1. Between a residue in segment 45-72 that is within 12 Å of Ser28 (Cα to Cα) and any residue that is of a type in the set (Val, Ile, Thr) and modelled with pLDDT under 95, which pairs come within a Cβ distance under 6 Å, given they are 6 or more apart or on different chains?
2. Tally time: how many residues in segment 1-30 are modelled with pLDDT under 70 and surrounded by 10 or more Cβ atoms within 10 Å (Cβ to Cβ)?
3. Return the residue satisfying two criteria in turn: it lies in segment 31-80 and is polar (S, T, N, Q) and assigned to a helix (DSSP H, G or I), and of such residues it is surrounded by the most Cβ atoms within 10 Å (Cβ to Cβ).
4. Identify, by number, the condition in (1) free of Cβ contacts under 8 Å to residues at least 12 places away in the same chain; (2) touching a Pro at 6+ places or on another chain (Cβ under 9 Å); (3) not aliphatic (A, V, I, L, M) that Asp87 doesn't meet.
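The values are calculated or read from the model by the stated rules, or taken from the named source; none is laboratory data. None of the values given here were measured: they were computed from a predicted structure. All Cβ positions, even for glycine, are placed from backbone atoms using ideal geometry, and neighbour counts span all protein chains on display.
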Amino acid sequence: MIASRPAPVSGQPTETSTDAPVRVTTDSMEYCHQLSEMIARMNRASSQPPPAEVSDLSSQGQRMCDEGQVRGGIMRLRRAVTLLRADRK
């Protein structure tokens, strides 16, 4: 008989997990604010202005979050963060 291990439950560490903490995010206004603050910090830390697409996505995302369209706002803010990270490399 071959003994099998139970599948890990979501959120539980596995043998291949690292020691890095897991960040759980939700579609919430708090996460919108965290992303907006992250974008602002990244912009302040840079010596050059952000690309136009980043500015547009950031503005759209914040506006959508403020209007209660949290999921769409988060999508735009996350895309802006991704573009900023790629631009800074």
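1. none
2. The qualifying residues number 4.
3. Applying the filter and picking the extreme gives Ser58.
4. All conditions pass for Asp87, except number (1).
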